[in-house]
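Written out below as C-alpha cells is the structure these notes cover.
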Amino acid sequence: MRCTVTIYAPPGQKLLLVFRSLDIEFEPNCDDDFMKLYDGNSTSAYRLSGLPKRICGSRKPTGSFSTSGEALTVFFKSDSWSNENGFQLIFTSFHEAN
C-alpha cells in the first residue's frame, strides 16, 4: 500500500504537527513500512525539518514540527507482512505575528 495525503492550512498560514502515537513496523533502514513528511504540496518538496528521512518503529518524534508554507504532504508505505497500530498525527494551522 502506498498513500499520499496533502494537508493545507488557510492562505497565509502554516501548519504545526505533533505526533500523538507511532507504531509502524520497525526495520533498521525503515525499508518495509515507513512514513515520510514533506514541507510542501508534493513528495518533490523538501523533507519536513527536524525529522528523519523515513519514520518507522514505535519511538515517536518528540516536540512539534512546522511547515514553511501552507502545505504538508504525508507519504505512507506499508507491505502485508506485519500489522501494527499505525500512527496518529495532530495538525493545527497558525500564523506568525508581523
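Rule-based calculations on the coordinates, nothing more; no lab input. Computed from a predicted model, the values in this text were never measured in an experiment. Note: ideal-geometry Cβ built from the backbone for every residue, glycine included; neighbour counts use all protein chains shown.
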The chain - charge dipole about Cα centre, Lys and Arg +1 at Cβ, Asp and Glu -1, debye rounded to 20:
240 debye
Can you compute the label reach from HIS95? Point 7 Å from Cα along the Cβ direction, backbone N cut-off under 20 Å, restricted to the range 56-76.
66-72
Label GLN88 and MET1 with points 7 Å out from Cα along Cα→Cβ: what is the distance between them in nm?
1.7 nm
Lysine pairs with alpha-carbon atoms under 15 Å apart, the range 2-94, spacing 8 or more or separate chains:
4
